[in-house]
Amino acid sequence: MSEAKFPNQPADGLAAVVALRRLADQLENAAVEQAMRAGWSWPQVAEALGVTRQAVHKKHAKRLIAAGVRLRRR
């Protein structure tokens with residue numbers, strides 16, 4: 001794997017990191033919502049993301065409820 005090439009200016013490199021984090025968050029939100037709409041459980045989603053069930057629930061539950069997603073109980 002080759003090393004990432006950063007822009008010459010630190011501000012440009014940091015801006016790129018921020019943009020990637022936002023994109024990663026958007027992708028995670030969409031994937032979690034898709035999984036929950038497909039009937040996945042919190043433990044299944046957590047395992048797929050490599051986090052705890054509590055962490056994924058804390059991060060996504062309110063947003064999913066607001067979006068009208070029917071959440072499974074364990």
Check your understanding: Which FRET efficiency value, to the nearest 0.05, is calculated for Arg72 and Asp12 with the Förster distance at 35 angstrom and r the Cβ-Cβ distance?
Key -> 0.20
Point to revise | Dipole magnitude of the chain, debye to nearest 20 (Cβ charges: Lys/Arg +1, Asp/Glu -1, about Cα centre) | key: 620 debye
**Study point:** Cβ-defined net charge surrounding Ala15, 13 Å radius [Lys, Arg +1; Asp, Glu -1]
**Key:** +1
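No value in this document is a laboratory result; all are computed from the given coordinates. Since we're looking at a predicted model, the values are computed, not measured. Glycine also receives a Cβ, built like all others from the backbone with ideal geometry; neighbour counts cover every protein chain displayed.
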